[in-house]
1. For region 204-319, what is the charge dipole size about the Cα centre, in debye to the nearest 20, if Lys and Arg each add +1 at the Cβ and Asp and Glu each add -1 at the Cβ?
2. Give the separation of the Cα centroids, region 206-231 to region 267-310, in Å.
3. Say the dipole of the chain comes from +1 at the beta carbon of Lys and Arg and -1 at that of Asp and Glu; which of 105, 284, 49 then lies farthest toward its positive end?
4. How much length is gained if the chain between residue 288 and residue 173 is pulled fully straight, taking 0.36 nm per residue apart and subtracting their Cα-Cα distance, in nm to one decimal?
5. So, in nm, how far is label residue 68 from label residue 146 when the simple model puts each one 7 Å beyond its Cα toward the Cβ?
6. Just name one of 296, 261, 342: the one whose Cα is farthest towards the positive end of the charge dipole of region 231-363 (beta-carbon charges, Lys/Arg +1, Asp/Glu -1).
7. Distance in nm between label sites at residue 127 and residue 357, each 7 Å beyond Cα in the beta-carbon direction?
8. Mean separation of Cα pairs under 8 Å and 6+ residues apart, divided by the residue count of the chain: what relative contact order is that in percent?
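No lab work stands behind these numbers, since they all come straight from the coordinates. Predicted model, so just to flag it, every value in this text is computed and none were measured. As a convention, Cβ positions derive from the backbone with ideal geometry for all residues, glycine included, and neighbour counts pool all protein chains shown.
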Amino acid sequence: MSASAAKRKPAQGGKDYGYANARIRGMRSHLLDSSFLDGLIAASDISRLIQDLSETGYGPDLEEQIIHGRTAATVDEALKVNMVRTYQKVLGFLNEEGAYLVTTLLGRWDVFNLKTILRGKQMQLSAEEINEGLMAAGQLSFVDLEALAMQQDVKAVVDTAATWGLPYASALRSGYASFLKSGELAELELALDCYYAEWALARLSKRGNNSAIARRILGIQIDTANLVTVFRFQKADISEVDAGQFFLNGGPGIKRDFYLSLAAMSDIDEVLDRLRGTPYGKALDDVAVKYLEENSIAVFERALEDYLMRKALGLGTGDPLGVGVVVGYLWAKQNEITNLRIVVKGKSVGMPEARVRGELILV
């Protein structure tokens, strides 16, 4: 494995979360409120937005990036750098158990980044274009991801992962065999998803309230992945493909038989009707009209991600001395970065203020 991908070690042992959670509460107090976001949305131009944002905790990262130009792209890069730096800071002061649990949940970013790189290679994007979509919030650093993005093609990415001895190498190699036959990335991506789900479930199988909290979040992630697959099958209307091969085990709400029944339904309206009795029903129902307007399942993907976000944010209230406070803060930070990136993008393309506000996740 590359040196920068080595596991980060926590600062302290034991299972006491008092020190970490005290620091987290301090960091959470510096998160931006909705009135500040309103001010950024109303900013006259990107320069004014940069000036306002520079007066917050994002100032040092902005100062480092805007030497390359006062543009939306440099602001976006500063926001990503800030999020990664914040995550690393939190991991640095967690106890051993907390770092273990949080690192497991953040593994989803490694999967996200590997998929982004593989899709970029298949689409023959440049390394620079691929890098714009990466977020080095998992165990793979940006240096590692940048090196993978510079590889010539999908095969070179898989081979490099194997050479480095990355945990995902075996999944990539097995998925690549299917990719060679079909030319489609779906099964290669499925191999990554399956590996992560099995790896994370095994790591979170220990007893105790903190492991249970982490399993709850992982379970929603797995359910979400299965529901997105169902929507993709409905949208593509692929009757000859076995939907069962894309099912991920481990979700608490979407079991295999239920998943297969959803995938076999005649249309998305029927799927939504069947999901009304599940925890995900209201979140999906709320965006059904928007789906009709945009005709894109990205609407449902966003709704499910919002649902996960809200569940994660609420974890800190149940046990103020457990890992839920940490998980809640990390998702709150991600939410803030996501909102800021939406504002910056909206400002750069002249998006109406009302539409920008409509895209935000305000909790």
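1. Working: 15 positive and 17 negative charges, 165 e Å.
Computed about the Cα centre, the dipole is about 800 debye.
2. Taking the Cα centre of each part, region 206-231 and region 267-310 sit 18 Å apart.
3. 105
4. On the way: separation 115, 0.36 × 115 = 41.40 nm, distance 3.82 nm.
Net length gain for the segment: 37.6 nm.
5. Between residue 68 and residue 146, the simple spin-label model gives 0.9 nm.
6. Working it through, the farthest residue towards the positive pole turns out to be 342.
7. The modelled label-to-label distance comes out at 4.4 nm.
8. Working: 418 pairs, mean separation 69.7, N = 363.
It comes to 19 percent, rounded to a whole number.
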